[in-house]
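The values are calculated or read from the model by the stated rules, or taken from the named source; none is laboratory data. These numbers were taken from a predicted model, which means no experiment stands behind them. Quick reminder, even Gly has a Cβ in these numbers, built from the backbone with ideal geometry, and neighbours come from all protein chains shown. SASA here: full protein model, heavy atoms, side chains in, ligands and nucleic acids out. Shrake-Rupley method; radii C 1.70, N 1.55, O 1.52, S 1.80 Å.
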Amino acid sequence: MNGFLEYVPGDSLLHRLNPMAKIAFAVLFAIACFCTSNLIFLAAMLVLGIALAASCKMMRPALGLMKAVLAFSVILAVLLLLTNPSGDVLVELPWGYVGTGSVLAALTTILRLEAAAIPLFLAFYVTKLTDLSNAAVKVLHVPYKYAFTFASTVHFIPVFMNDMAAIMEAQTARGVEFDQGGIVKKVRLMVPLCVPLLVSSVRKTNSAAIAAEVRGFDLRTRESGYKAYPLTVADVAVLVLAVALLAAAILLQVL
Amino acid sequence: MIEFRDVHASYDEDIKVLDGVSFQIPDGEFVAFVGTNGAGKSTTMRLMNGLLKPDAGQVLLDGVPTTELKTSQIARRVGFLFQNPDSQICCSTVREELLFGFKALGEEGPDAEAAVDGVIREFGFDADADPFLLNRGTRQLLALASIVVLAPPVVILDEPTTGLDFRECMKVMGIIRRLNEVGATIVMVCHDMEVVADFARRVIVMSAGAVVDDGPTFDVLRNPHALGRASLIPPQVVDISLALPLMDERLVESPVALANTLDEMQAAVSEEAGR
Ligand SMILES: Nc1ncnc2c1ncn2[C@@H]1O[C@H](COP(=O)(O)OP(=O)(O)OP(=O)(O)O)[C@@H](O)[C@H]1O
Ligand SMILES: [Mg+2]
């Protein structure tokens with residue numbers, strides 16, 4: 001099974017792109033989504049994102065992600081719907097009304113979040129974290145220490161999630177009813193679990209730090225990396241596409 | 001009574017972990033599950049206390065499918081010792097840790113306090129010690145004690161002795177044996193064949209998500225075919241006894257505690273020599 005944000009091996013075009021190009025594309029793509037409220041453009045972006053996911057056989061995690069984002073964005077959309085009266089009146093509310101404009105705004109929010117999220121997450125699924133941090137060191141001249149800190153933080157997310165799952169399971173086995181009751185009860189039950197999670201996290205990070213130190217972590221510089229990360233034609237094309245998408249988004253909004 | 005009826009289980013839809021597992025464990029048994037890493041032993045244990053529900057087939061506790069029981073109901077009946085005691089320990093003193101199970105089940109009170117005091121005395125714990133600062137063996141003992149204190153009729157142990165030195169290992173196994181003697185059903189996953197030979201009365205061998213052998217300890221341990229499929233090597237005492245034809249019959253009569261049969265072996269050896 002693959003964890004959240006964990007690299008999935010493969011050799012699709014997306015897998016082979018320069019890690020920096022992927023990240024830049026994902027970030028520009030997301031910014032583009034937030035630059036425009038054009039529904040058709042956002043829908044096209046969503047389709048493009050899904051196509052990208054399909055191109056590297058990542059439809060399953062992408063669908064899972066879309067479901068999660070949907071749940072979150074629907075909450076936002078409902079809030080927008082109720083608090084943003086605009087357009088022709090559809091439903092009267094005690095404090096205003098729901099109009100065609102509100103519906104449009106709600107729809108835009110859902111589409112925008114969905115479209116923006118896919119490439120950002122996809123980038124992690126098709127990029128080895130070591131490649132990502134090494135490329136940041138080589139291409140962007142980021143000091144290795146910071147790149148490493150970032151990489152290990154992301155790396156530890158699934159580890160902690162696994163730990164949390166194991167701890168919750170152990171408490172369930174002792175009769176703590178995680179599967180019953182509302183969210184408030186659940187949160188109250190989870191508080192005591194932070195202790196073992198914290199203890200195991202501190203132990204793990206501590207031993208990881210010592211392990212890195214004894215293997216000469218401090219001696220590492222930009223030149224230490226063996227693998228080079230040159231920008232290929234495909235990378236440049238991807239970057240140009242990203243910039244074009246961003247420009248299109250801005251133009252659509254301004255015009 | 002625990003019963004598996006043609007149980008299939010998986011974590012992801014496409015990766016089968018258990019593939020048609022069936023067995024019955026009557027009350028009062030002492031069963032050991034053995035098999036290679038990834039054979040599905042831990043998964044079987046988690047099915048037994050309802051942490052995992054079967055995809056197909058049924059897991060029955062006293063005739064009731066686990067799918068119809070709440071986990072807290074199962075927790076009262078089935079105690080579960082995890083492979084890693086640290087995922088279980090969550091309180092700041094040994095005493096609180098032992099009381100935690102009663103709290104979770106809503107059974108605090110003088111009876112609970114008395115049970116906790118009894119266990120602290122029996123295990124020789126320092127009641128105010130911080131569980132996270134105890135050594136590995138003592139943490140394992142504490143995790144075990146927090147189950148013992150609830151006196152569940154069934155106790156499941158996932159590798160209770162892994163990572164312990166011999167003395168701690170014997171301490172843990174001694175407690176488990178005593179639980180069994182006062183009537184608890186013991187289901188244990190164990191990689192140490194010597195421990196299995198010494199303590200279990202029945203062995204179930206698993207390989208690649210299926211049961212490949214199931215029977216009285218000695219019968220299973222001398223079946224090289226099934227053990228081979230699970231890449232297991234029987235303990236030396238079995239090898240020796242198989243090398244001595246006379247020993248064979250004697251051990252079948254008393255399959256438990258093979259290691260205690262030294263006298264019988266000596267007798268057999270001198271009998272052989274006398275011929
Ligand atoms: N939470 C999980 N998610 C996905 N797959 C899992 C999970 N837990 C176990 N597995 C997989 O299920 C299979 C059986 O695992 P299980 O833990 O039951 O084996 P085991 O017999 O207990 O092995 P071990 O001796 O290593 O403890 C393994 O291939 C494992 O990778
Ligand atoms: Mg296991």
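Across peptide A:195-206, the average count of Cβ atoms from other chains found within 10 Å of a residue's Cβ is 2. Tell me which aspartates and glutamates have Cα within less than 18 Å of A:K186's Cα, excluding those fewer than 8 residues away on the same chain? Reachable aspartates and glutamates: A:D163, A:E169, A:E177.
The angle separating the long axis of helix B:262-274 from the principal Cα axis of greatest extent in chain B is about 0 degrees. The Rg/Rh ratio of the protein assembly as shown, with both radii computed over alpha carbons and Rh defined as the Kirkwood radius, is 1.07. With contacts taken as Cα pairs under 8 Å and at least 6 residues apart, chain B reaches a relative contact order of 22 percent. With a ≥ b ≥ c taken as the square roots of the eigenvalues of the C-alpha gyration tensor of chain B, please select rounded if a/c is under 1.5 and otherwise prolate if a/b is larger than b/c or oblate if it is not? Oblate shape, in that a/c is at least 1.5 and b/c is the bigger or equal ratio. Straight-line cross-link reach from B:K53 at under 17 Å between alpha-carbon atoms covers these lysines, not counting any fewer than eight positions away in the same chain: B:K16, B:K41, B:K70. Close amide H contacts of B:D214 (hydrogens built in the peptide plane, cut-off under 5 Å, sequence separation of 5 or more or a different chain): B:V205.
Taking all protein chains as present, what is the carbon and sulfur share of the accessible area of chain B, in % to the nearest whole number, probe 1.4 Å? Carbon and sulfur atoms account for 51 percent of the accessible area of chain B.
Peptide B:48-54 shows a mean partner chain C-beta count of 2 within 10 Å per residue C-beta. Solvent-accessible surface of the range A:143-224, averaged per residue with a 1.4 angstrom probe and all protein chains in place: 61 square angstrom.
Over all directions, the projected convex hull of the C-alpha atoms in the range B:1-98 averages 7.5 nm² in area. Backbone geometry of the range A:68-81 corresponds, through the Karplus equation with coefficients 6.51, -1.76 and 1.60 at θ = phi - 60°, to 3J(HN,Hα) couplings of 5, 5, 4, 4, 5, 6, 5, 4, 4, 5, 5, 4, 4, 4 Hz, x marking Gly and Pro. When chain B is treated as a Gaussian network with alpha carbon springs shorter than 10 Å, the biggest mean-square fluctuation among B:V220, B:V203, B:V154 belongs to B:V220.
Remark: accessible area buried at the A-B interface is about 2000 Å², both chains counted, probe radius 1.4 Å.
Amide H contacts for B:G20 (H built 1.01 Å from N in the peptide plane; partners 5 or more residues away or on another chain; cut-off under 5 Å): B:V7, B:H8, B:A9.
In summary, the aspartates and glutamates within cross-link reach of A:K67, defined as a Cα separation below 16 angstrom excluding same-chain residues under 8 places away, comprise A:E114. The residues packed around B:R77, meaning those with a beta-carbon under 13 Å from its beta-carbon, carry a net charge of +1 if Lys and Arg are +1 and Asp and Glu are -1.
Rounded to the nearest 500, the helix-only mean residue ellipticity at 222 nm of the protein assembly as shown stands at -18000 deg cm²/dmol, with each DSSP H run of n ≥ 4 adding -39,500 (n - 2.57). Peptide A:161-172 shows a mean partner chain C-beta count of 5 within 10 Å per residue C-beta.
Taking B:E159, B:E108, B:E96 in turn, the Gaussian network model of chain B (Cα-Cα springs below 10 Å) assigns the largest fluctuation to B:E108.
A Stokes-Einstein calculation at 4 °C with viscosity 1.567 mPa s, built on the Kirkwood radius of the range A:23-91 over Cα pairs, returns a diffusion coefficient of 92 µm²/s. Return the residues of the range B:63-77 for which accessible area with all protein chains present is lower than in the chain on its own by 30 Å² or more; set the probe to 1.4 Å and exclude ligands, DNA and RNA. Flagged in the range B:63-77: B:K70, B:T71, B:S72, B:A75. Here the range A:143-224 has 68 percent of its accessible surface on carbon and sulfur atoms, given a 1.4 Å probe and all protein chains in place.
The simple spin-label model puts a point 7 Å past each Cα toward its Cβ; for A:V154 and B:E122 those points are separated by 5.1 nm.
On the basis of the beta-carbon distance and an R0 of 25 Å, A:F217 and A:N162 show a calculated FRET efficiency of 0.50. Extension gain for A:A208-A:D88 works out to 37.2 nm (0.36 nm per residue, less the C-alpha to C-alpha distance). Axis of helix B:94-104 versus longest Cα principal axis of chain B: the two differ by about 80°, to the nearest ten degrees.
Rounded to the nearest 20, the size of the Cβ-charge dipole of the range A:143-224 about its Cα centre is 140 debye, with Lys and Arg at +1 and Asp and Glu at -1.
Volume of the convex hull of the range B:146-237 (Cα atoms only), normalised per residue: 113 Å³.
Cα gyration tensor of chain A, axes a ≥ b ≥ c as square roots of the eigenvalues: rounded (a/c below 1.5), prolate (a/b > b/c) or oblate? Taking the square roots of the gyration eigenvalues as a ≥ b ≥ c, chain A is oblate. Cα gyration tensor of the range A:143-224, axes a ≥ b ≥ c as square roots of the eigenvalues: rounded (a/c below 1.5), prolate (a/b > b/c) or oblate? Here the range A:143-224 falls in the prolate category. The C-alpha atoms of chain B define a longest principal axis, and helix B:136-148 lies at about 70 degrees to it.
Taking chain A as a Gaussian network of alpha-carbon nodes connected by springs under 10 Å, the highest mean-square fluctuation of the residues A:F29, A:F178, A:F72 belongs to A:F178.
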